[in-house]
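Report on the structure given below.
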There are 2 protein chains.
Amino acid sequence: MTTPIRIIGIDPGLRRTGWGVIDVLGNSVRFVASGVVTSDGGDELAPRLVQLHDGLDAVHEHYGPVEAAVEHTFVNKDAGATLKLGQARGIALLVPARRGLLVAEYAPNAVKKAIVGAGHAEKIQIRMMVKVLMPKATFDTDDAADALAIALTHAHHRGVASGRIARAVAM
Amino acid sequence: MTTPIRIIGIDPGLRRTGWGVIDVLGNSVRFVASGVVTSDGGDELAPRLVQLHDGLDAVHEHYGPVEAAVEHTFVNKDAGATLKLGQARGIALLVPARRGLLVAEYAPNAVKKAIVGAGHAEKIQIRMMVKVLMPKATFDTDDAADALAIALTHAHHRGVASGRIARAVAM
């Protein structure tokens with residue numbers, strides 16, 4: 001009996017950081033859990049980053065993923081927003097790396113391409129495909145759905161689940 | 001006998017993060033130590049952030065500052081550079097905050113204004129004033145000098161050393 005590879009996908013954001021955990025075994029993927037870690041917008045920046053850190057670290061402690069994938073979010077034209085995002089993203093990369101996980105990064109277009117088969121897919125298509133690939137997946141928010149899509153993208157790119165995903169995409 | 005307030009100033013950067021530790025007692029400031037934490041440009045982003053984290057955390061462990069100040073670095077027009085800086089800055093804010101320190105943030109102009117007395121001061125003027133304020137200060141790099149200037153700015157803003165700094169600036 002082979003042990004599944006447990007992957008965590010993370011969609012970083014200062015206010016809401018989405019996370020999704022999946023198991024990959026051979027050509028199949030299985031939903032484990034998903035959620036969102038939030039920080040209190042009324043707090044100063046530094047304690048907000050601690051909130052994100054501690055929340056993400058607790059998710060790692062509880063689910064014990066062995067590989068991580070983080071969205072390399074599109075850089076927009078608002079430098080202040082980019083700086084904020086970068087700070088949250090720094091935490092999203094740090095937490096798994098400190099635990100010794102390899103951390104892969106995927107651009108949004110790579111996620112869309114892997115999940116929907118087209119780089120210009122809409123958010124609703126991503127959510128639908130996550131449900132097609134993992135019918136038992138539950139997620140309340142776009143952030144959690146995006147995080148699951150990032151985890152699936154990593155599964156696809158590492159080759160383990162490519163058959164399963166390719167079939168589902170062709171449906 | 002009063003206990004000095006130990007302050008760490010941090011000038012964040014992905015390749016080089018400067019740090020400077022000072023003691024404030026009444027109206028006087030005293031140099032304790034300064035240096036730079038580096039990350040290996042040949043590594044992936046996530047392990048580089050771990051290098052910055054572990055280096056900064058070791059500095060906190062060794063010197064035991066009780067307050068922290070981080071430069072709110074100017075946001076330039078290169079979004080990729082801003083994202084990189086943001087990620088390093090996230091770590092620079094996280095490390096002291098996780099240790100329970102209050103973390104203040106100062107824009108570069110606020111640092112120049114507090115140290116040199118003018119918001120448009122040059123880097124060389126900052127270095128000179130750091131030496132005037134703390135003749136025993138040693139620093140090999142601009143990053144360490146900037147970090148000491150940020151620590152001095154915090155001392156100035158929290159009111160404890162304002163007299164000493166104001167006198168030195170007026171010299």
Any hit, segment B:101-111, residues being hydroxyl-bearing (Ser, Thr, Tyr), within 15 Å of residue B:18 (Cβ to Cβ) and at pLDDT 90 or above: yes
Residue in segment A:1-49 that is farthest from residue A:148 (Cα to Cα), counting only those that are of a type in the set (Gly, Ala, Ser) and surrounded by 20 or more Cβ atoms within 10 Å (Cβ to Cβ): A:46
Odd one out for residue A:154, checked against (1) touching a helix residue (DSSP H, G or I) at 6+ places or on another chain (Cβ under 8 Å); (2) within 18 Å of residue A:31 (Cβ to Cβ); (3) at pLDDT 95 or above: (1)
Residue, farthest from residue A:157 (Cα to Cα), within segment A:24-42, restricted to residues that are outside any strand (DSSP E or B) and more than 14 Å from every other protein chain (Cβ to nearest Cβ): A:42
Close pairs from segment A:46-57: first of a type in the set (Asp, Glu), partner part of a helix (DSSP H, G or I) and at pLDDT 95 or above, Cβ under 9 Å, at least 6 apart: A:54/B:98; A:57/A:95; A:57/A:98
Residue within segment B:67-80 that is among the small types (Gly, Ala, Ser), more than 21 Å from residue B:135 (Cβ to Cβ), surrounded by fewer than 23 Cβ atoms within 10 Å (Cβ to Cβ) and in contact with a Ser or Thr (Cβ under 6 Å, 6 or more places away or on another chain) present: yes
Residue count, segment A:19-67 (criterion: within 15 Å of the chain's Cα centre (by Cα) and of a type in the set (A, V, I, L, M)): 12
Filter result for residue B:21 (in contact with a Phe, Trp or Tyr (Cβ under 6 Å, 6 or more places away or on another chain), outside any strand (DSSP E or B), at pLDDT 95 or above and more than 8 Å from chain A (Cβ to nearest Cβ)): no
Restricting segment A:97-144 to residues that are of a type in the set (Gly, Ala, Ser) and under 30 Å from residue B:52 (Cα atoms), the residue that is surrounded by the fewest Cβ atoms within 10 Å (Cβ to Cβ): A:100
Count of segment B:1-18 residues which are assigned to a loop (DSSP other than H, G, I, E, B), in contact (Cβ under 8 Å) with a residue 60 or more places away in the chain and among the hydrophobic types (A, V, I, L, M, F, W, C): 1
Which numbered condition residue B:139 fails, given (1) outside any loop (DSSP other than H, G, I, E, B); (2) within 14 Å of the chain's Cα centre (by Cα); (3) away from chain A (no Cβ under 14 Å): (1)
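The values are calculated or read from the model by the stated rules, or taken from the named source; none is laboratory data. Small disclaimer: the values here were computed from a predicted structure and weren't measured. Reconstructed Cβ throughout: ideal geometry from the backbone, glycine too, with neighbour counts over all protein chains shown.
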